[in-house]
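None of the figures in this text is laboratory data; all of them are computed from the coordinates on show. It should be emphasised that the depicted structure is a prediction, and the values quoted were computed from it without experimental measurement. Note that each Cβ is placed from the backbone with ideal geometry, even for glycine, and that neighbours are counted across all protein chains shown.
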Amino acid sequence: MTTYDHWIAGASVSGESDRFADVYDPAVGAPKSQVRLATAGDVDAAVQAAAAAYETWGESSVTARSRIMFDFRQLLVEHEDELAAIISSEHGKTLDDAKGEVVRGREVVEFAAGIPQLLKGEFSDQVSGGVDSHTFRQAIGVVAGITPFNFPIMVPLWMHPVAIACGNTFILKPSERDPGASDLVARLYQQAGLPDGVFNVVHGDKVAVDAILEHPGIAAVSFVGSTPIAKYVHEGASRTGKRVQALGGAKNHAVVMPDADLDFAADHIVAAGYGSAGQRCMAISAVVAVGPAADTLVDKIRERSTGLKVSVGTDPDAEMGPVVTAASRDRIVDYIGQGEDAGAKVVVDGRDLVVEGHEEGFFVGPTLLDQVTTDMSVYTDEIFGPVLTVLRVPTLDAAIELINSNPYGNGTAVFTSSGEVARTFQRKVHVGMIGINVPVPVPMAFHSFGGWKDSLFGDHHIHGPEGVRFYTQAKVVTTRWPHVSEDSLAQLNFPTAH
Ligand code: NAD
């Protein structure tokens, strides 16, 4: 069985811990490898390596950093199949879906390759007589990223290419459930010519996370994961004086207006609810049917849900794979039961799904619950599985109120043929990412990604322009090259322009 070790200062390092976690193949339902769980000492070793590398990396030219990003991007292209295979075997998602996340992550590398343009400062000529002013941004030092299981390559890629291109050095603590892709990414960076110590991987659990939060040598922490841990990381990192952005969980609503094309809406809702077995922070989990079309909509979603092919991720016909762990499967099945007990109507039931030849795999089939109300746990909690819930409201205003009363604010969508409805919706909802007839509105790499309310703690969204701001700090320089005369003698009053 493979053991994933840490990657520190450009080499595989076993470190000082003798604690391990099993890494499962969710389609088989058995461990395929194990991962070492770091101690605080291992985290410290990574910080020392990253701090030493920062001495030279922080002084490197923007063009040199950009070229490495171009070469790294090419290696991600060449290793796309290999990365997708690793992801699918540890996460369970289909190979095509895994390739999709490699591509979306790679787009952040493409954005980061433009760092010379992104870091151009601002200059004001003649702010006062003979005085100019310019602003520029500098790296902040050693930064860390803590990431979830559901996008084992894309979410880390939201962070490290931008951080590194800005001149920082990076420590990644990936999810211990699917650590394999990070191992390969570290080797590809090295092959691309990134100096040792600029990108490090420390595998681990809460012990490693706590050590990152406490370490005085780390200047900033980016976190993506569930809301309780995002809160914890935001508080912990803030307490120790770090810059922090912590992206949390979600409950994403898709509003379907009576004027929408219901076939189109049903198709896209099924894809957005069941893709990756519902384990996406931007998955649709609550369908809000407005007005009299609800029965027809539920019918159309039912038809499409029952036709989906659920199989192992490597099956070329599979549209949906297993969920990540046995505990996840049990939790999802339990939630469906809670919904049923609370009065929801189980229209499609995925609880007893068995995939032939993979009886031990962690499978749950697509599930559709109708007549759901806001007090049911299937609505209040993030289930993170292939479960769509349908709530019915009379008007657009009621739909918006429902969304705004929910503590999460990651993504939402409206299906409509009315521009007026779309405009009202996008202006009134308290949500960070909005789709108009687009159910999974994940921003491109050159925009920034982030939710509102309990879906993000901190004030910077991730990647795109906000990523550059998060990983740099600004300086303003006021310059005078004086021609010394009577007029230029210093005065004690506060300087004003003249
Ligand atoms: P998680 O919160 O369990 O784990 C995320 C990270 O935190 C992992 O690296 C894990 O090792 C660490 N961690 C877990 N428990 C911890 C603890 N008690 N103390 C310190 N660290 C701890 O999340 P997950 O189950 O891996 O991922 C799914 C969650 O991530 C969902 O809630 C999903 O919505 C969210 N997510 C959000 C976004 C977003 O952009 N907002 C994107 C992807 C996933």
For the chain, whose charge dipole is built from +1 on Lys and Arg Cβ atoms and -1 on Asp and Glu Cβ atoms, the candidate among 185, 238, 358 with its Cα farthest towards the positive end is 238
Among residues other than residue 213 whose Cβ falls under 11 Å from its Cβ, what is the net charge (Lys/Arg +1, Asp/Glu -1)?
+1
So what is the 222 nm mean residue ellipticity for the chain from helices alone, if each DSSP H run of at least 4 adds -39500 (n - 2.57) and you divide by all residues, rounding to the nearest 500 deg cm²/dmol?
-11500 deg cm²/dmol
Quick check: net charge around residue 406, other residues with Cβ under 12 Å of its Cβ, Lys/Arg +1 and Asp/Glu -1?
-2
Take peptides 113-119, 136-142 and line them up by average Cβ neighbours within 10 Å, highest first, as a rough protection proxy.
136-142, 113-119
Simple Cβ-charge dipole of the chain, Lys/Arg +1 and Asp/Glu -1, about Cα centre, in debye nearest 20
1220 debye
Note down the magnitude of the dipole of region 252-436 about its Cα centre, charges +1 on Lys and Arg C-beta and -1 on Asp and Glu C-beta and zero elsewhere, to the nearest 20 debye.
600 debye
Quick one: net charge of residue 241's neighbours, Cβ under 14 Å, K/R +1, D/E -1?
+1
When a/c is below 1.5 the answer is rounded, else prolate if a/b is larger than b/c, else oblate, so apply that to region 252-436 with a ≥ b ≥ c taken from the square roots of the Cα gyration tensor eigenvalues.
prolate
Can you give the charge dipole size of region 91-194 about its Cα centre, rounded to the nearest 20 debye, using +1 on the beta carbon of Lys and Arg and -1 on the beta carbon of Asp and Glu?
240 debye
Relative packing of 333-344, 360-371, which averages over residues the other C-beta atoms within 10 Å, highest first
360-371, 333-344
Nearest 5 percent is fine: what portion of the DSSP beta bridges confined to the chain is antiparallel?
40 percent
Beyond 18 Å between alpha-carbons counts as too far, so tell me which of 173/206; 93/251; 93/300; 251/453; 32/93; 93/173 fall in that bin.
93/251; 93/300; 93/173
Compute the Rg to Rh ratio over the chain from the alpha carbon atoms, using the Kirkwood formula for Rh, and round to two decimal places.
1.03
